[in-house]
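The values are calculated or read from the model by the stated rules, or taken from the named source; none is laboratory data. Since this is a predicted model, take the numbers as computed values, not measurements. Note that each Cβ is placed from the backbone with ideal geometry, even for glycine, and that neighbours are counted across all protein chains shown. Accessible surface areas use protein heavy atoms only, side chains included; no ligands, DNA or RNA. Shrake-Rupley method; radii C 1.70, N 1.55, O 1.52, S 1.80 Å.
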Amino acid sequence: MTSIPTNTAGKKGEYWETYSHQPHWRNSEDEFEAAKFGMWLFLATELLLFSGFFCAYFVLRHFYPDSFRGASGHYLDWKIGAINTAVLLISSWNVAVAVRAAQLGQKMILAFNVFFASLCGIVFLVLKLALEYYPKYMKGEVPGGLFSYAGGHGYDPSAHDPVFLSVYWVSTATHGFHVLIGVLLLWWIGWRALKGHFGPKHYTAVENVGLYWHVVDLIWIFLFPLLYLVP
C-alpha cells in the first residue's frame, strides 16, 4: 500500500488533497493498480490456505459420511452459524459503502462504515467464543486426542467425531484469526479516515482492506454450509 500522505507546510485541506504518488511510479494510477494487484496476489495465497481445509473436509467426509452428518447436527447449532453469516454479510455491505465514500470524499460516512464493520467483526468473534468455543472446550468437544466428550441427550459419540471436530476447530479458528486481523485493519482505516487521509485522490488502503474483508467473509459463506448444514 502507498504511504500515508503528509501535508506540506502552508497548504490547507485534507491529507488526501496533497497526496502525490511515490517517485518510483509514473503516476498515481500505476501506483494504485500495482498495490491492488499485490493485494490480489496475497489473497490468492489465502485462498490456497483455506483450499487445503476444504480438501481435507471433502476427503474425510467421503470416508466418514455418517459420522460427519451426526457430529454436525449434534455439536453445531446452525442458528448460531446463520447469525454469524448475517453479521458478516452486513459488514461487507458497510465496507463496500466505505470504499464508495472514500471515492466521493465523504470522510464521516467512510469512518462510520468501517467502524461499524469492525463492530460486526467483534460480534462475530464474541459469538464464536462465548457460544461455541468455550462451551465446547468445557464439555470436551475438542479435536483429536483431546476429545473427552462422554455423550448426552441421547447422543453417543462416534469414534470419528474427533475427526469432524478437528476440521471444525482448525478451519473456523484460522478463519476467526483472519477476522481479528480484519477488525484491526478496519480500526486503522477508520482512524486514518478521521484524520482525512483518504479521498478521491487517494484511497488505496481502503480499497485493499475492503478486498481482504470481502474474501474473509466469502470464506465463511463456504464454511457455514459445509460445517453446520451437513446433509
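Tabulated data for the structure shown
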{"quantity": "Options LYS128, LYS139: the member that is free of Cβ contacts under 8 Å to residues at least 24 places away in the same chain and of a type outside the set (Ser, Thr, Tyr)", "calculated": "LYS139"}
{"quantity": "Residue check, GLY196 more than 19 Å from ASN84 (Cα to Cα) and either open to solvent by less than 40 Å² (accessible area, probe 1.4 Å) or modelled with pLDDT under 90 (or both)", "calculated": "yes"}
{"quantity": "Whichever residue in the stretch 199-215 is under 20 Å from LEU48 (Cβ atoms), out of contact with any Asp or Glu (no Cβ under 8 Å at 6 or more places or on another chain) and hydrophobic (A, V, I, L, M, F, W, C) and, among such residues, is most open to solvent (accessible area, probe 1.4 Å)", "calculated": "LEU211"}
{"quantity": "Residue list for the stretch 144-182, filter: touching a Pro at 6+ places or on another chain (Cβ under 9 Å) and either open to solvent by 40 Å² or more (accessible area, probe 1.4 Å) or among the β-branched types (Val, Ile, Thr) (or both)", "calculated": "GLY145, LEU146, PHE147, ALA150, VAL163, VAL167, TRP169, VAL170"}
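The rows are residues; the columns are (1) of a type in the set (Ser, Thr, Tyr); (2) closer than 19 Å to HIS175 by Cβ; (3) buried (at least 16 other Cβ atoms within 10 Å of the Cβ).
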residue	(1), (2), (3)
PRO65	no, no, no
PHE68	no, yes, yes
GLY73	no, no, no
ASP77	no, yes, no
ILE83	no, yes, no
LEU89	no, yes, no
ALA98	no, no, yes
ALA102	no, no, yes
LYS107	no, no, yes
